[in-house]
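Values in this text are rule-based calculations from the coordinates and carry no lab data. None of these values were measured; they are calculated from a predicted model. Reconstructed Cβ throughout: ideal geometry from the backbone, glycine too, with neighbour counts over all protein chains shown.
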Amino acid sequence: MASMSPCPVPPEQRPQEEFQQLCTSWFFTWPTESQQGLDKALLISWFGILPLTVLVASGSWTLRNDPPRLLAAGAVAAFVLPMLLLVRQWLGWSYVHKRLLAEQVEYEESGWYDGQVWEKPLAWRERDMLMARHEVRPILGRLARAMAWTAGLMLVGGSLCQAL
């Protein structure tokens, strides 16, 4: 029986190890602590890209002579970077979430794409399920809220650009 044998999955490909790798990554730790920490990092990225987006928007003849619309267009365009960062974080955390919830672990034994599957023992499944529910799911919730706010701000900003 495969579940009684020792774990053949290389340590770096085990779901819990993948979770730990994300938790120690500078980029992926943004949503781990609180919504405020994530919001602060996203706001910094937005302010960081804002001068560039305003500069690009100033290339438009119609916007060049209308400073309020120029700033509004640059501000809306600057939301693209935080949204891309959120999507990348969502992909990483949802991948680990899926691996933690799975009853089997897919892995590469030699690195030559020789896909293997190992069934997790019951104790591993229970531990992984708890980790997925109580540690990863709140992170995904924070990311979902941040993506909704960012998309909403982009829509409202786009509407304001049209109204100005």
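Key figures for this structure:
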| item | result |
| --- | --- |
| Inter-label distance, nm, simple model (7 Å from Cα along the C-beta direction), Gln35/Met129 | 2.9 nm |
| Calculated FRET value between Leu122 and Thr24, using beta carbons and R₀ = 25 Å, to 0.05 | 0.35 |
| Overall Cα dimensions of region 3-63 - principal axes, largest extent first, Å | 70, 24, 15 |
| Theoretical ellipticity at 222 nm over the chain - DSSP helices of four or more residues, -39500 (n - 2.57) apiece, nearest 500 | -21500 deg cm²/dmol |
| Alpha carbon convex hull of the chain, volume per residue in cubic angstrom | 132 Å³ |
| Protection proxy ranking, peptides 28-41, 77-90, average beta carbon neighbours within 10 Å, highest first | 77-90, 28-41 |
| Cα pair distances of region 125-164 binned at 10 Å [whole percent] | 28, 27, 20, 15, 8, 2 |
| Pairwise label distance in nanometres, Leu160 with Ser94, each label 7 Å out on the Cα-Cβ vector | 2.9 nm |
| Degrees, to the nearest 10: 35-57 long Cα axis against longest axis of the chain | 40 degrees |
| Rounded FRET efficiency, nearest 0.05, which uses the C-beta distance separating Trp61 from Cys7 and R0 of 41 Å | 0.05 |
| Rounded tilt (10° steps) of 67-78 against the dominant C-alpha axis of the chain | 10 degrees |
